[in-house]
Each structure stands twice: as structure tokens, then as C-alpha cells.
1. Among Val98, Val90, which is at pLDDT 95 or above, of a type outside the set (Asp, Glu), in a loop (DSSP other than H, G, I, E, B) and surrounded by 19 or more Cβ atoms within 10 Å (Cβ to Cβ)?
2. Tell me the residue from Gly32, Gly93, Gly44, Gly75 that is assigned by TED's automatic domain parsing to the domain that holds Thr121, farther than 15 Å from Arg122 by Cα and not hydroxyl-bearing (Ser, Thr, Tyr), please.
3. So which residues in the stretch 76-134 are closer than 18 Å to Val55 by Cα and β-branched (Val, Ile, Thr), if there are any at all?
4. Give me a count of the residues in the stretch 1-27 that are modelled with pLDDT of 90 or more and part of a helix (DSSP H, G or I).
5. Could you give every pair whose Cβ atoms fall below 8 Å, whose first residue belongs to the stretch 113-132 and is in contact (Cβ under 8 Å) with a residue 60 or more places away in the chain and under 12 Å from Ile87 (Cβ atoms), and whose second residue is among the hydrophobic types (A, V, I, L, M, F, W, C) and part of a loop (DSSP other than H, G, I, E, B), counting only separations of at least 6 or pairs across chains?
Amino acid sequence: MSLRRFEDVAVGDELPERVVTLTRGNLVNYAGVSGDPNPIHWSGHVARLAGLPDVVAHGMLTMGMTGRAVTDRFGHANVLSFGGRIISQVWPGDTLTVRVEISAIRKSDDGGTVADLALTTRNQDGVAVFSGVAEVRVDSTECPRQDSNLSYADALGASLPATIDSLCW
């Protein structure tokens with residue numbers, strides 16, 4: 001898709017995909033920062049005792065990585081709502097691809113512009129691991145800007161996307 005101003009974007013358009021490969025270290029780091037130290041997320045031995053083949057990612061880590069695709073494009077302050085459903089387990093070494101599609105563009109009660117987004121995250125085998133929706137405030141004359149600067153992204157080893165100026169697609 002070529003770069004366009006937001007005013008030219010239509011329902012059905014997709015944002016560039018966000019791709020992240022999870023490591024065991026990502027799971028350990030997330031366990032620490034999230035306050036969820038359940039050993040099935042960092043100890044292979046305990047995970048196998050629980051009947052799992054190996055450590056498993058936190059569902060909220062998958063959700064957070066999906067949400068990052070939204071905040072990277074629209075900024076934290078412009079996210080009005082975000083939610084979804086964890087569909088399948090994620091394992092260390094999985095490569096997750098987040099797809100964001102514009103499902104609606106409408107005026108808000110205050111006269112601003114709001115975009116509804118459909119979110120799907122799939123692993124390297126094409127299996128959906130997360131499905132969700134987001135509602136974001138946008139300015140109809142300029143593309144949303146990236147303002148994602150959370151330090152946990154660096155701790156998780158996630159690569160930061162290129163800076164977005166007045167063009168975003």
C-alpha cells in the first residue's frame with residue numbers, strides 16, 4: 001500500500017503489519033514487569049509438570065503486542081477502547097504477525113473523527129492467536145503520529161518502528 005494521508009484512507013484498508021518473534025527471555029521479562037510470576041511462563045520443568053510441552057506466553061503479553069500495533073500508529077492518548085479474545089497459546093520462538101484493518105470511520109459526538117479497527121494476530125503457521133477491536137480518535141486532515149515510547153518494549157526486545165510524520169500508509 002502506498003503512503004497516504006488519513007483523509008484518503010477507506011474502510012477495508014490495512015495498516016502495515018507488525019511482526020514480532022517471541023523469545024523465552026520476553027516471557028521471563030514480562031513475568032517480572034506484569035507481576036505474574038507463574039512458573040509455567042519461565043520454567044520448562046514446571047510447564048511440563050502442568051501438562052504443557054514447554055513454557056507458554058502470557059495471554060496478556062500477546063494482547064499487549066497486538067495493542068502495540070495500534071499505539072505505534074495512533075498514539076496512546078488516541079486509543080478510546082481496546083479489547084479482544086485470546087484464541088490460542090503462544091510459545092517461545094513463535095513469530096506473531098498483527099493485522100490491523102479499518103472497519104469503520106465515523107464522526108464522534110464532539111465532531112472529531114473516530115476509526116474502528118479490526119485486529120488479528122497470527123503465528124507463523126497462520127493460526128489466529130488473538131482477535132480484537134480498537135476504537136481510535138484520528139484527525140481527518142493528518143495521519144496519526146507515532147508516540148509510542150514505553151520502556152517495556154525495549155525490555156521485551158521489540159524493535160521500534162520507523163518514525164511516522166504526516167504520512168502513515
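The values are calculated or read from the model by the stated rules, or taken from the named source; none is laboratory data. Only a predicted model underlies this, so the values are computations on that prediction, with no experimental measurement involved. As a convention, Cβ positions derive from the backbone with ideal geometry for all residues, glycine included, and neighbour counts pool all protein chains shown.
1. Val90
2. On inspection, the qualifying residue turns out to be Gly75.
3. Correct list: Ile86, Ile87, Val90, Thr95, Val129.
4. Residues flagged as modelled with pLDDT of 90 or more and part of a helix (DSSP H, G or I) within the stretch 1-27 amount to 4.
5. Val129/Ile87; Val129/Val90; Phe130/Ile87
Residues are listed down the side, and each one gets a yes or a no for (1) closer than 28 Å to Asn38 by Cα; (2) among the aromatic types (Phe, Trp, Tyr); (3) part of a helix (DSSP H, G or I):
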position	(1), (2), (3)
Ala57	yes, no, no
Met65	yes, no, yes
Gly83	yes, no, no
Ile102	no, no, no
Ala115	no, no, no
